[in-house]
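I have placed the structure first, in the form of structure tokens, so that the comments after it can refer back to it.
Throughout, read-outs are computed from the coordinates displayed, never taken from laboratory work. The structure displayed is predicted, hence computed values, not measured ones. Neighbour counts run over all protein chains shown; Cβ positions are idealised from the backbone, glycine included.
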Amino acid sequence: MNALIVEDEFMIAKRLTRFISQAFGDQPFKLTVLNTLDDADDFLASHTIDVLFLDLNLQGKDGFSLLKEKLCESFHTIVVSANSDRAIEAFDLGVLDFVAKPFTFERVQTAINRLLDNTQVGNCRYLTYKHLGKSELLAVQQINYLRAEGHYTHIITIDNREILHDKNLDKLLATLPEYFIRIHRSYAVPLHQIKSIETQAGSKYWLTLHTGDNLPIGRTRIAELRNKLK
């Protein structure tokens, strides 16, 4: 696990570092601490991380500028900020958690547990993705279904656009609302897009969306899906 803290107050960065180390316990991880947005941007251009702990007020600069630029990268973001009035805005953009300052060890532990829990879902209303070198926002309500492809995810929209996202399917589902459900190792859909389920010979299951798209359902996932649709 590779983590990056972006915090310009030395004592807060030191306290956060100690709490994160305690929260990870015996799990191996590498932690880097930087104090400017420019240094963080340069670091992220040449290093791979799993989680970013981001302050929002960094030497007079807005941490949201980095958040909006990097949300489409393949790591989670946990905001650590005294600006709790911006929590809704942060969750809208898909952050995994928002830890308000001053923080306790217990609150940091909760954030780390959420990071390590692959079943944890979020409540973001937008996803950020790159298009022609620029960051664009996609409303979650526009998603028809998701298709995994290695470390990436194809987002198929209800108007039949296909967007390649740098987060894998597991990481995307960790930030999306709970009505997104995995129906197959390669597919996930929002429940409200499901029109019907069909059983075919050989115990094969297929799902039809309101857009007319047909997707396979994994045998180990059919029971959970039917339960969700009740």
query = Quick one: what Rg and Dmax do you get for the chain from the alpha carbons, in Å?
reply = 19.0, 64
Total lysine pairs whose alpha carbons fall under 17 Å of each other in the stretch 126-229 (8 or more apart, or interchain) = 4
ask   = Which of the lysines could be linked to LYS30 by a straight reach, that is with a Cα gap under 17 Å, when you skip same-chain ones fewer than 8 residues away?
value = LYS14
request  = Once you have the Kirkwood Rh of the stretch 2-116 from its Cα pairs, apply Stokes-Einstein at 20 °C and 1.002 mPa s and quote D in µm²/s.
outcome  = 154 µm²/s
inquiry  = What is the angle, in °, between the Cα long axis of helix 105-116 and the longest principal axis of the Cα atoms in the chain? Nearest 10 is fine, range 0 to 90.
reply    = 40 degrees
query = Using Cα atoms only, what is the angle between the long axis of helix 10-24 and the major principal axis of the chain, expressed in degrees (0 to 90) to the nearest 10?
reply = 40 degrees
inquiry  = How many angstrom lie between the Cα centre of the stretch 7-64 and the Cα centre of the stretch 124-148?
reply    = 25 Å
query = Which loop-located trypsin sites (Lys or Arg not before Pro) does the stretch 127-222 contain, where loop means any DSSP state but H, G, I, E or B and the Cβ has at most 12 other Cβ atoms within 10 Å?
reply = ARG161, ARG185, ARG219
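Considering Cα pairs under 8 angstrom that are at least six residues apart, work out the relative contact order of the stretch 32-106 and quote it in whole percent.
27 percent
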query = About the Cα centre of the chain, what is the dipole size in debye to 20, counting +1 per Lys and Arg Cβ and -1 per Asp and Glu Cβ, all else neutral?
reply = 980 debye
